[in-house]
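No lab work stands behind these numbers, since they all come straight from the coordinates. Owing to the predicted nature of the structure, the values given are computational and were not obtained by experimental measurement. A quick note on method: Cβ atoms are made from the backbone with ideal geometry, for glycine too, and the neighbour counts reach across all protein chains shown.
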Amino acid sequence: MIRNVSRLVRKTKEKKPHVQKNHDDSKPQDTLHKNYYQNVETFRSVYNNCSDVMFRPFLLFGKTKATIIYIKGLTNIEGIEEFVLSPLMNEPNNVPSSINEFLENKMPVSTVIRVNMLADCIESISSGNPILLIEGESAGFSLGLAKWEKRGIEEPIAEGGIRGSREGFNESLEINTSQLRRIIKSPALKIQSMKIGNYTKTTVAVAYIDGLVDQTLIEEITNRLKKIEIDGILESGYIEEMIEDNPYSPFPQIMSTERPDIACANLLEGRAVIIVEGTPFTLIAPISFFSLIQSHEDYYQRFMVGTFIRWLRFVFLGISLLLPSLYVAILTFHHEAVPTSLLLSISASREAVPFPAIVEALIMEITFEALREAGVRLPKQIGSAVSIVGALVIGQASVQAGLVSAPMVIVVAITGIASFMMPRYVAGIALRMLRFPMILLAGTLGLLGIMMGVIAIVIHLCSLRSFGIPYLSPLAPLKGRELKDVLWRAPWWMMDTRPRLTGESNLYRQAPEQAPNPKRGSETE
Amino acid sequence: MEKGKISALQMAIMMYPTIVATAILGVPSITAKYAQNDLWLAPIFASFIGYVTVYIAYKLHKLYPKQSVIQFSEYIIGRFLGKILGFLYLFFYIQVTGEIIREYAEFIVDSFLVRTPISVIMASMAFLCAFIVYGGIEVIARAAQLFFPLFVFPILILIILVLPDFEFKNIFPILADGIWPPMKGAIVPGGWFTEFFMIIFLLPFIKDRKKGMKYGMITAFAVMMTLVVVNLVVLFVFGPATASKVYPLMNVARYISIAEFFEHFESVVMAIWIVGTFIKISVFYYVTALSTAQWLNLSDYRPIVWPIGILLVVFCFWSIPNTLEIERFNIGVFPLYGFIVQTIIPLLLVVMAVFRKRKSKETV
């Protein structure tokens, strides 16, 4: 209620600057004028000071005036020359009676759309499709000749792997949707698109499989997307933050991926994929916490290997969150919990260290985070310098100088590796961030503090939802049947049921009892 | 008030640590004082109180399916008396919750964080519980579900690890002094079993209503089994010395030694035990907050969660002036107090409610 009111207030307040700002589509309801010259004049004033927009006037069939408007670099210029200008400029023996008919039937261009509204014309021009204005016509013609430089399909950088497809999404929406369509050929794959961003007019597409997805989920997603009023969308991260359930959470409630196979696997499980123009990272919703620690390769390798790696991840998830704080807690409060021989060697190496364990841990953890961040952001040529400085100066020299103890360096190193075990980078970051309050708690209350921190995190996770789905979903609330894909990775012939996102209907995804059981026919003599 | 829904299984998983968490800590030694080497029989007798309480709570729930005891007591004994009874329950749960938090904090301060002010430990726990109570019953249920294996499996592992130290002959002679010592020993654990009455506050939120009774009984049985096993373990390890230990299970953990490297598991046991206690306090806290809201006819209990948290921490000091009082309260007061409030009064309510319903049917 209050939110609605404040929304209303905000809207009335913002109305004025809003109109002023968007002079490019100041009167979006305007239709094109009947007068050709006035239309050209309108476009010239709209594209005033836009040196990349080209106006090319010519004589249609040698007598009618016409102008083609396009943007350099967004439009296929050879196509304009070959398929538009050359057929339209030569003077045919028998001039076609209707221009409309000629354009629709005889022009060798894949799409020709009659556009009446000024705003639609502008949109068409901005997306690379030239507009043809003709004297005597009160409409423009949008010609499907968009073409711009794109990056080719490359291997996904952030999500590598040994087995599985090597193709990744890229920045072009069309290429991304085509990749989905190439994997899921059924027409049940639906892709709805909309434009978001007052200035960028970014195309955002919601893909789902009809019949598998809960239709209310798609409604909810499109509603939340429609509510976004923003200047521009540059990356799917904008959308993610605008539509997630709990904005004040370190944990991502929407997953991002740049792998088409991951996107398709999720589509097939009844989830929705949101593709944003201009970024290879597509969004997947709804997810649970366990989606973040599943990797695509779990499903491609043998199931025992997949299960083993999954458990390894669970263990290292714990390590990445708790190891430094456990070390601090034990050294500060619970000496007795360490076996005597181990305690002796630890305290021997800590003898020269001037700091208490908690300070030591914080120093090393922060240094590690700095090294990591610097390594990501740096140009590749300098990257090796950072790793040398990190390993030699900070690692070895600080131990030799007696500033930091060697066990602490080991702990921090293991923790660092552990946090990179998470297949989703964002989830790893969330845990890395939570490590610092955990260290502080461990330094003040020992094991009790750690337990308090863990309990607090669990409470938070329990109260989180991703598009209505509880975040810890198959585990709490417990859904026994779905544990086959959480606690272990069941072999494919056992994955008979879909996750229960889709509702009770359409529960089975494959025929039951497909376990390979070949008769040993050849051995009979 | 509360829009969340839980399953009967979730209720069982919430109730189990609610009873067991504190019961496995101090109760074995108290039982041992009265029952000596028959202490393992005491929970079996005590559990009958549990079954009866579950049955009474379920009966009341069936008569008034959408309400808790705070609400329907007004229908049964009239508005004015009902409010008084409601206040009695309110006061009971606030005070008992305060007592539990105090017991928890005393244990932590006694055994681990000797120099930490006790109020810090109590306040931090109350804060965490307020956090989860604010999240609602669904969040508590999910957290309980998640922590349940964390709480149960380590106890099983602990038992396996101390197996080499078992002296099985400690169990003999069985019932040397007749049946009375274990019966006397059952009085104190009986107090814990009366806490099953709290399911009356959870039952209205259960999806699969019919299973409420079944899972309540299963929980009571599971608690009984756990206590029997814990008492047996303590008896096997310490024998006649059990009664002299304050926290026998914790002392058992000290006996663990694997390859002379993994030793001194007390802090691990403590960490695990905190999880159970956390669930216990959360459930009590939730019941307190919910019943207060119901008593005041509030539309939501969330606004009063934080004030009640402060009240609970204050009650930690008010209800128990010093450490000695805890044991006195647990032995001398709670078995009777809990029994009256959580079993006898509900029993009377059932009788009156059945009577009333029959009467109103006759008049119609």
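Data overview
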read-out	value
Pairwise label distance in nanometres, B:Val351 with A:Val386, each label 7 Å out on the Cα-Cβ vector	7.8
Pairs of Cα atoms farther than 14 Å apart, segment B:291-364, %	77
Within straight-line cross-link reach of A:Lys106, lysines at Cα separation under 25 Å, skipping those fewer than 8 residues along the same chain	A:Lys34, A:Lys63, A:Lys65, A:Lys147
Segment B:202-218 and segment B:25-104: distance between their alpha carbon centers, rounded to Å	17
Kirkwood-type radius of the protein assembly as shown, with distances r between different C-alpha atoms, in Å	32.6
Relative exposure of A:Val315, B:Val354, judged by other C-beta atoms within 10 Å (fewest first)	A:Val315, B:Val354
Rg to Rh, two decimals, where chain A supplies the alpha carbon set and Rh follows Kirkwood	1.08
Listed pairs A:Lys150/A:Lys195; A:Lys195/A:Lys484; B:Lys83/B:Lys214; B:Lys184/B:Lys207; B:Lys210/B:Lys357 exceeding 29 Å between Cα atoms	A:Lys195/A:Lys484; B:Lys83/B:Lys214; B:Lys184/B:Lys207
Hydrodynamic radius by Kirkwood, which averages 1/r over all alpha carbon pairs of chain B, in angstrom	21.0
R0 of 51 Å, Cβ-Cβ distance A:Asn246-A:Lys147: FRET efficiency to nearest 0.05	0.75
Segment A:394-458 versus segment A:165-238: alpha-carbon centroid distance in Å	37
Sites A:Asn93 and A:Lys65, calculated FRET efficiency, Cβ-Cβ separation with R0 30 Å, nearest 0.05	0.90
Gyration tensor (alpha-carbon) shape descriptor, segment B:99-141, a/c threshold 1.5	prolate
Gyration tensor over alpha-carbon atoms, segment A:340-488, equivalent ellipsoid semi-axes in Å	34, 22, 13
For segment A:21-143: rounded, prolate or oblate by the Cα gyration tensor [a/c cutoff 1.5]	prolate
Listed residue pairs exceeding 31 Å between alpha carbons, taken from A:Lys227/A:Lys479; B:Lys66/B:Lys361; B:Lys33/B:Lys280	A:Lys227/A:Lys479
Selection of trypsin sites (Lys or Arg not before Pro), segment A:179-214, meeting DSSP coil and at most 11 other Cβ within 10 Å	A:Lys185
Spatially proximal aspartates and glutamates relative to A:Lys72 (Cα-Cα < 14 Å; intrachain offsets below 8 disregarded)	A:Asp52, A:Glu81, A:Glu149
Cα-based radius of gyration of segment A:185-306 once divided by 2.2 N^0.38 Å, which approximates compact folds	1.08
Loop sites in segment A:77-157: GluC sites (Glu not before Pro), DSSP, at most 12 other Cβ within 10 Å	A:Glu149
Computed helical MRE - 222 nm, chain B, DSSP H runs ≥ 4 contributing -39500 (n - 2.57), nearest 500	-24000 deg cm²/dmol
Span per principal axis, largest first, for the Cα atoms of segment A:38-90 (Å)	32, 26, 10
Calculated on alpha-carbon atoms, Rg and Dmax of segment B:154-309 in Å	20.0, 60
Within segment B:85-171, trypsin sites (Lys or Arg not before Pro) in DSSP loop having at most 13 other beta-carbon neighbours inside 10 Å	B:Arg115
Proximal aspartates and glutamates to B:Lys169, defined as alpha-carbon separation beneath 16 angstrom and excluding residues fewer than eight positions away on the same chain	B:Asp38
